[in-house]
1. Tell me, in nm to one decimal, what length is gained between ALA99 and GLN127 on full extension, where the rule is 0.36 nm per residue of separation less the Cα-Cα distance?
2. Rounded, prolate or oblate: which fits the stretch 39-111, taking a ≥ b ≥ c as square roots of the Cα gyration tensor eigenvalues, rounded meaning a/c under 1.5, else prolate when a/b beats b/c?
3. Would you mind getting me the FRET efficiency between TYR141 and ALA61? Use the beta-carbon distance for r and R0 = 35 Å, nearest 0.05.
4. Go ahead and set up a Gaussian network model of the chain, Cα springs under 10 Å, then flag whichever of GLY107, GLY87, GLY34 fluctuates most.
5. Using a Gaussian network for the chain with springs between C-alpha atoms less than 10 Å apart, which of these wobbles most: ASN32, ASN124, ASN47?
6. If the only charges are +1 at each Lys and Arg Cβ and -1 at each Asp and Glu Cβ, what is the size of the charge dipole of the stretch 77-140 around the Cα centre, to the nearest 20 debye?
7. Between the stretch 101-147 and the stretch 22-94, how far is it from one alpha carbon centroid to the other, in angstrom?
8. Taking θ as phi - 60°, what are the ³J(HN,Hα) couplings along the stretch 105-110 by the Karplus curve (6.51, -1.76, 1.60), each to the nearest whole Hz, with x for Gly and Pro?
Amino acid sequence: MKRPLLAPALLFLAACTSAAQAATYEMFRDPNCGCCGKWAEHVRAENAVEVAETITPDMAAVKTAKGVPQDLWSCHTLTVGDYVIEGHVPAAEIERLLAERPEGVVGLAVPGMPVGSPGMEMGNRTQPYEVIAFRADGSRYVFARYG
């Protein structure tokens, strides 16, 4: 009985993986930040993608130009396809965004630098955090919760 569900599940998984791999990932980061490189490695490993890194001392200008609401800012900003990813967003949520393409969403953000988020690992220490989906009109909602 479960066998007929296997094929659609595999197709969905393949579509998610293909969407993540087909997009171009470009991360903008400050030259003095160490966690950004760790986060990029997480995305590379989990989504099997290349992440180009652009180093710039003026991250505020990048975030403003990409339309990231200031209260959602973190240390690095990534563009992938038509989306902007701000901060320590788990790779699985980027893949989900690319697969689902929620109406009106222009990006995802993890504000600040929560301990235990990808790139901010500190042993077994973690703190709860949310991945926020945001739209160009300023509206937003919780896309995922961790911790």
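1. On the way: separation 28, 0.36 × 28 = 10.08 nm, distance 2.73 nm.
Contour length minus Cα-Cα distance gives 7.3 nm.
2. Working: a/c = 1.82, a/b = 1.18, b/c = 1.55.
It comes out oblate by the Cα gyration axes.
3. Numbers: r = 27 Å, r/R0 = 0.78.
Calculated transfer efficiency: 0.80.
4. Between GLY107, GLY87, GLY34, it is GLY34 that shows the largest mean-square fluctuation.
5. In this elastic network of the chain, the residue with the biggest mean-square fluctuation among ASN32, ASN124, ASN47 is ASN124.
6. On the way: 5 positive and 9 negative charges, 28 e Å.
Magnitude of the dipole: close to 140 debye.
7. A separation of 13 Å, based on Cα centres.
8. With the stated coefficients, the stretch 105-110 comes to 6, 10, x, 10, 8, 10 Hz.
Since every read-out is calculated from the coordinates, none of them should be taken as a lab result. Since this is a predicted model, take the numbers as computed values, not measurements. Note that we place each Cβ from the backbone using ideal geometry, even for glycine, and neighbour counts take in every protein chain shown.
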